[in-house]
Amino acid sequence: MNGAPRIIQLSESALTIEFGDTIDARTNELALAFVAAIEHTAIEGLVEVVPTYRSATIYFNPLLTDTATITEQVRALMTNATTAPGHPSTLHTIPVWYGSTAGPDLPDVARHAGLTPAEVSTLHASVTYRVYMLGFSPGFPYLGTVPDRIAAPRLSTPRKQVAAGSVGIAGTQTGIYPQASPGGWRIIGRTPVLLFSLARTKPFLLAPGDRVQFVPIDEEEFRQLSTDQV
């Protein structure tokens, strides 16, 4: 999509602002800058603003405001969003035990790529990933992008249960399951790091715009770090 962001009315209480048609850092940065601008502006009736890869959706209370008013306020903020400086981010180093019982799909990803499991692990950990958005379950980060060589399709039949901390690949994305849940991503490893905890002031460890660097560890280190997390 070229030109100005596009405003789409989803319902009588929601608008989506699209900043592009592609998944890339620049488009995502525009969406996050817009969300920051909204959150720092007093808008009557605002309930929540939720960013995605390339857009942001504004939810508002139609009893306190209306679509026309929200649209006008959104247009006034768009210049700030398109000229905003880079979104501040944090680099997180996340240890991962690759393969074995922690990564049951690593051999399949390796066969798909024509590589050894060790080569897949090395490639996966060679990239600093961007947190494009959170979704699916509380704190689940959509990270991009994996090296093309190890991109792999989702499972044809999702698992009924995926362990918390599981690291998976789906297409060119990689992600981490914060809680045990059903899931169809190719699981290549597991981290002992807690991505979501109500015991913390900020329950989510990661935020959109943050960066993630995976570091391979072995089973013994995984179990020790898991004990430390408790």
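The values are calculated or read from the model by the stated rules, or taken from the named source; none is laboratory data. Just so it is clear, the structure is predicted and the values come from calculations on it, not from any experiment. Backbone-built Cβ (ideal geometry, glycine too); neighbour counts: all protein chains shown.
Kindly indicate whether any position in segment 126-133 is closer than 19 Å to VAL35 by Cα and of a type in the set (Phe, Trp, Tyr). Break it down into steps so the answer makes sense when it comes.
First pass over segment 126-133, keeping only residues closer than 19 Å to VAL35 by Cα: 130-133.
Checking the rest, the ones that are also of a type in the set (Phe, Trp, Tyr) come to 132.
Yes, segment 126-133 has at least one match.
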Q: Among what's in segment 1-42 and is among the small types (Gly, Ala, Ser) and loosely packed, with under 11 Cβ neighbours inside 10 Å, pick the residue that is farthest from ILE70 (Cα to Cα).
A: GLY3
Q | Test set (1) closer than 27 Å to GLY165 by Cα; (2) over 20 Å from the mean Cα position of the chain (by Cα); (3) not assigned by TED's automatic domain parsing to the domain that holds LEU225 - THR52 fails condition number | A | (2)
**Q.** Members of segment 206-222 found to be surrounded by 12 or more Cβ atoms within 10 Å (Cβ to Cβ) and not acidic (Asp, Glu), listed by number
**A.** LEU206, ALA207, PRO208, GLY209, ARG211, VAL212, GLN213, PHE214, PRO216, ILE217, PHE222
Q: For segment 112-135, name all the residues that are of a type in the set (Ser, Thr, Tyr) and either under 23 Å from PHE204 (Cβ atoms) or under 14 Å from the mean Cα position of the chain (by Cα) (or both).
A: THR128, TYR129, TYR132
Q. PRO192 passes all but one of (1) touching a residue at least 60 places away in the same chain (Cβ under 8 Å); (2) assigned to a strand (DSSP E or B); (3) surrounded by fewer than 24 Cβ atoms within 10 Å (Cβ to Cβ); which number fails?
A. (2)
Q. Quick one: in segment 133-163, which of the residues that are in contact with a Ser or Thr (Cβ under 8 Å, 6 or more places away or on another chain) and in a strand (DSSP E or B) is farthest from THR101 (Cα to Cα)?
A. MET133
Q. If you check every pair at least six apart or on different chains, which have Cβ atoms under 8 Å apart with a residue in segment 208-219 that is at positive phi first and a residue that is acidic (Asp, Glu) second?
A. GLY209/GLU29
Q) Of the conditions (1) within 21 Å of GLY144 (Cβ to Cβ); (2) in contact with a helix residue (DSSP H, G or I) (Cβ under 9 Å, 6 or more places away or on another chain); (3) surrounded by fewer than 18 Cβ atoms within 10 Å (Cβ to Cβ); (4) among the β-branched types (Val, Ile, Thr), THR52 fails just one. Which one is it? A) (3)
**Q.** Complete set of residues in segment 182-204 that are out of contact with any strand residue (DSSP E or B) (no Cβ under 8 Å at 6 or more places or on another chain) and either closer than 15 Å to TYR98 by Cα or among the β-branched types (Val, Ile, Thr) (or both)
**A.** THR201
Q. Given the residues PRO147, PRO203, which is the only one that is surrounded by fewer than 20 Cβ atoms within 10 Å (Cβ to Cβ) and touching a His at 6+ places or on another chain (Cβ under 9 Å)?
A. PRO147
Q.
Looking at (1) of a type in the set (A, V, I, L, M); (2) surrounded by fewer than 21 Cβ atoms within 10 Å (Cβ to Cβ); (3) under 26 Å from PRO178 (Cβ atoms), which one does ALA113 not meet, given that it meets all the others?
A. (3)
